[in-house]
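First the structure, in the form of structure tokens, and then the observations on it.
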2 protein chains.
Amino acid sequence: MSAQSASETLTPESLVADLAVAARAAQRELAAMSSEARAHALNVAAQHLREGSAAILDANACDLAAGEERGLSKAMLDRLMLDEERLEAVALGVEAVADLSDPVGEIIDQSERPNGLKLSRVRVPIGTIGIIYESRPNVTADAAALCVRAGNAALLRGGSEAVHSNRAIMSALVAGLEEAGVPGAAVQLIPTQDRAAVGAMLTAAGLIDMIVPRGGKSLVERVQADARVPVLAHLDGICHTYIHSAADPEMAKALALNAKLRRTGICGAMETLLIDADFSGAEQLVAALLAEGCELRGDARIQALDERVLPASANDWDTEYLDAVLSVAMVDGLDDAMMHIARHSSAHTDVIVTSDEAAAEQFLTRVDSAIVMHNASSQFADGGEFGLGAEIGIATGRLHARGPVALEGLTTYKWLVRGTGQARP
Amino acid sequence: MSAQSASETLTPESLVADLAVAARAAQRELAAMSSEARAHALNVAAQHLREGSAAILDANACDLAAGEERGLSKAMLDRLMLDEERLEAVALGVEAVADLSDPVGEIIDQSERPNGLKLSRVRVPIGTIGIIYESRPNVTADAAALCVRAGNAALLRGGSEAVHSNRAIMSALVAGLEEAGVPGAAVQLIPTQDRAAVGAMLTAAGLIDMIVPRGGKSLVERVQADARVPVLAHLDGICHTYIHSAADPEMAKALALNAKLRRTGICGAMETLLIDADFSGAEQLVAALLAEGCELRGDARIQALDERVLPASANDWDTEYLDAVLSVAMVDGLDDAMMHIARHSSAHTDVIVTSDEAAAEQFLTRVDSAIVMHNASSQFADGGEFGLGAEIGIATGRLHARGPVALEGLTTYKWLVRGTGQARP
């Protein structure tokens, strides 16, 4: 609180440090609470979101008015907008997180040494998570709830366009959490829109344990470039679907259309289609995509299939369109497909379509992406679809957690050693 | 090879990039080999170390002569020195790593979704590991073997004082690995002693997946400060032993003496002793440590126990002595002890000695260090003692892996999704 009232005179670094020290202390209390107590606190917080709906919607109206004045796009304004229905969905989301089974305290493995020492590895919260996000105010509640469920403190930095909405949501959340015995400093909104505060979060090694950026590519890029704190993120979703020679043509068509066109703007959308030279349905597949209004950019052999296919440039193989545009290459067998993927994939999600089980297993084993699929649409790359209940994000880094990350990815472990007086010889 | 011969004209960044690209390609082949094939290759490499002993010992003599000329300390020269016996231990170490069970391919968990998608998370190698180390040439073989066992490529950068020994060891290792079908680029020594090459490794994000520094504090500090690649390391081992009021006095004495004095120079050595004000054996405990030649620096209440106790300064509570020196504080109960640990521990290993099980469980649950022990010596903080067979290092970071890190910490996972044509609704 003193940090907030004095925020005008503090440097961004000392402000973030003050907040993080308070968060650390609150996190220790949170971690010492039972799993049931944390779940209960989230349910109380959800109720406070409902009871505070008038104040939250007022604050949101204020953001919307400011956004219109600043000339935000319709899409941006829609992402920013809350109404009773959307706010109810936010509250339900917090309750759904409360219902998730809690990984904290889970014994990963245990053993007894010949000298009688009993060892176990036990899941514990990571500590303090920094979340840096844009526009959608529902992230405030989602991310805070996931952090709290797994015993973590959350330091949130939302976008300036949603500042009033975020404050109102946070105020309802904190009131609910505190009513249920969680120290309020366990979830905090950075109380300034000064961009330097983001830099201070990114360099707060030792104070913040992990940063999760949620937003567009430029945000993620900045976070990955400047962070001295570990980052959980994906920059690109350049997802491939490889139609093997032994693919069923109908399945290939259905999966390619779904992977590209169901929703073009999500990170699991296919961006490059690889068609085996020995696949018999190539022409029909290309025609079906064109018929659905997808722009195709192909190599010479794909262009030869249909005159409407535009020529692909070298850049196309490394481009995430997030639109009804697709790069298409013809490849000569499984190895050639895997080589293309090794070179161009962002290691998010890559798919093989084939009825040849041996080829599928080769692909699953050798393609080194966070998610590798056989005979399924890459659009399933999602924590909800994976049965994780919710996700804090999708990670394409190689350490700690990969793919959709939910509660388990918000924990780490410690070693417990129980002895009876053993000294080391 | 071309990278090596041209190394004089390359920038350190392009040199490291060339080596890392070759390592990445080799790593893919290594990962595609069976676990048995990787183990076999390590056994062949161990045999080559034995057969190459004359060349390795010659190279080592050359390093030792240069070291003497440069005025290296006796301790440094001893760490550098190899003889038949030490080299045999290195070969046996490589064989021991070959014998470790391989985590790659292990299914962490699996599930089937209502739509029939079958999900599994499978352990895979991390990729390319950079190892930056000092003096002891045995690290060349140890670290390379651990990386290869888990399917990783290793880029090694040893200290200049061991350059000939490291090259000779590497040459024998690579000859053995290649004889057994592992591409030689899977383990590489950075072919220049230019310090800028270390900087290039630390910033090679996307080319090197993890950096492990092995050496003194100044090395680890530099690596942690400059790295843009995730680092697995511990900077300090400021380990505490808390003697609870209900500790058995004999056990307390035995564990304190062992934790401090068995070997004072290892990271698991106790650096601060916390004695409960209600523990009855405080005076005898202090006297026993003094009798064994340990310098004690205490707070006022500890000083009052024995006139030989020197006054502790504020710095002492944050100092890793790595010597027969110990800071000692008197604390008022479990909470006070845990508060001291939360403030001063480097989160490596902290110990409670007590016969009160409830107090022990409180301590194990609430102390948030990589390793938390009850009634055991902190000197057990070691991968071998934990039954891991070997360790690449001990980590005090919070993500990915904590405490002693062996083969599992050199792996990550990917999600495999097996479908029958599911498109996402």
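Here are a few things to note about the model shown:
- Neighbour net charge for A:L310 - beta-carbon separation under 13 angstrom, K R +1, D E -1: -3
- When shorter helices are ignored and each DSSP H run of at least 4 residues is given -39500 (n - 2.57), the per-residue value for chain B at 222 nm works out to -13000 deg cm²/dmol.
- Rounded to the nearest Hz, the phi-derived 3J(HN,Hα) couplings of segment A:126-143 under the Karplus curve 6.51 cos²θ - 1.76 cosθ + 1.60 (θ = phi - 60°) are 6, x, 10, 10, x, 10, 10, 9, 10, 6, 4, x, 5, 4, 3, 6, 4, 5, where x marks glycine and proline.
- J(HN,Hα) series, segment B:322-334, from Karplus relation 6.51 cos²θ - 1.76 cosθ + 1.60, nearest Hz, glycine and proline x: 6, 7, 7, 9, 9, 8, 9, 10, 9, 10, 9, x, 4
- The phi torsions of segment A:180-194, fed into the Karplus equation with coefficients 6.51, -1.76 and 1.60 and a -60° offset, translate into couplings of 8, x, 8, x, x, 5, 5, 10, 9, 9, 4, x, 9, 9, 3 Hz, rounded to whole numbers, with Gly and Pro shown as x.
- For segment B:239-385, relative contact order (Cα pairs under 8 Å, six or more residues apart, normalised by length) works out to 33 percent.
- Shown here for segment B:91-136: GluC sites (Glu not before Pro) in loop regions (DSSP other than H, G, I, E, B) with at most 14 other Cβ atoms within 10 Å, namely B:E106.
- Averaged over the residues of A:398-407, the number of partner chain Cβ atoms lying within 10 Å of the residue Cβ comes to 5.
- Solvent exposure ordering (accessible area, 1.4 Å, most first) of A:T411, A:T365: A:T365, A:T411
- Computed with a 1.4 angstrom probe on protein heavy atoms, the A-B interface buries about 5900 square angstrom of accessible area in total.
- For the options B:I238, B:I132, B:I107, a Gaussian network treatment of chain B with springs between C-alpha atoms closer than 10 Å singles out B:I107 as fluctuating the most.
- Per-residue mean of C-beta atoms belonging to partner chains within 10 Å, peptide B:120-129: 2
- Three-way shape call for segment B:239-385 based on the alpha-carbon gyration tensor, with the a/c threshold at 1.5: rounded
- Shape analysis of segment A:1-156 based on the Cα gyration tensor places the equivalent ellipsoid semi-axes at 36, 21, 14 Å, largest first.
- Among the GluC sites (Glu not before Pro) in segment A:256-316, those placed in a DSSP loop whose Cβ has at most 13 other Cβ atoms within 10 Å are A:E292, A:E307.
- Euclidean distance between Cα centres, segment B:360-381 to segment A:210-269, Å: 42 Å
- Amide proton proximity set for A:G393, modelled H, under 5 Å, gap of 5+: A:V405
- Rolling a 1.4 Å probe across the protein heavy atoms gives the protein assembly as shown an accessible surface of 38 Å² per residue.
- Computed extension gain for B:A66 through B:R86, at 0.36 nm per residue and net of the alpha carbon distance, reaches 5.2 nm.
- Amide H contacts of A:V187 (H built 1.01 Å from N, in plane; Pro and chain starts excluded): A:A154 sit under 5 Å, all sequence-distant by 5 or more or on other chains.
- Only alpha carbons enter this Debye calculation for the protein assembly as shown, each as an equal point scatterer, and the log10 of I(q)/I(0) it gives at q = 0.05, 0.07 Å⁻¹ is -0.30, -0.60.
- Protein-only accessible surface at a 1.4 angstrom probe places the residues B:L310, B:L146 in the order B:L310, B:L146, largest first.
- Cα pair count fraction exceeding 15 Å, expressed as % - segment A:183-243: 59 percent
- Segment B:332-356 and segment B:47-126 have Cα centres spaced 35 Å apart.
- Across identical copies of the chain, B:Q284 has label-point separations of 8.9 nm, listed in ascending order, with the point defined 7 angstrom from Cα along Cα→Cβ.
- Legend: mean number of C-beta atoms from other chains within 10 angstrom of residue C-beta atoms, peptide A:378-386, equals 4.
- Of the chymotrypsin sites (Phe, Trp or Tyr not before Pro) in segment B:247-350, those whose Cβ has at most 12 other Cβ within 10 Å and which sit in DSSP loop: none
- Placing a label point 7 Å from the Cα of A:Q110 along the Cα-to-Cβ direction, the distances to the matching points in the other copies come to 2.7 nm, shortest first.
- Copies compared at A:R195 - label distances in nm, ascending, label defined 7 Å from Cα in the Cβ direction: 3.5
- 11 Å beta-carbon shell around A:G176, net charge (K/R +1, D/E -1): -2
- Amide H within-cut-off set for A:F386, under 5 Å, with H built and near neighbours excluded: none
- Of all DSSP-defined beta bridges confined to chain A, some 30% are antiparallel rather than parallel.
- Mean Cβ count within 10 Å, highest first, over the residues of peptides A:15-28, B:73-86: A:15-28, B:73-86
- Straight-distance candidates among the lysines for linking to B:K414, with alpha-carbon spacing under 16 Å and chain neighbours fewer than 8 residues away dropped: B:K118.
- Computed over chain A, the ratio Rg/Rh where both radii use C-alpha atoms and Rh is Kirkwood: 1.03
- Ranking A:S369, A:S280 from most to least accessible surface, computed with a 1.4 Å probe over the protein chains only, gives A:S280, A:S369.
- The rotation axis bringing chain B onto chain A passes closest to the chain B residue reported with its distance as B:H400, 2, by C-beta distance in whole Å.
- Signed unit charges on C-beta, dipole axis of the protein assembly as shown, positive-most listed residue A:G409, A:S135, B:A32: A:S135
- Net charge dipole, segment B:239-385: roughly 320 debye, given to the nearest 20, about the Cα centre with Cβ charges of +1 for Lys and Arg and -1 for Asp and Glu.
- Rounded to the nearest 20 debye, dipole of the protein assembly as shown from Cβ charges on Lys, Arg, Asp, Glu: 320 debye
- Relative contact order %, chain B, counting alpha carbon pairs below 8 Å whose residues are six or more apart: 18 percent
The values are calculated or read from the model by the stated rules, or taken from the named source; none is laboratory data. Predicted, not measured: the structure shown is a model, and the values here were computed from it. Because the Cβ atoms are built from the backbone with ideal geometry, glycine has one as well, and the counts that use them run over all protein chains shown. Calculation scope for accessible area: heavy atoms of the full protein, side chains included, ligands and nucleic acids excluded. Shrake-Rupley method; radii C 1.70, N 1.55, O 1.52, S 1.80 Å.
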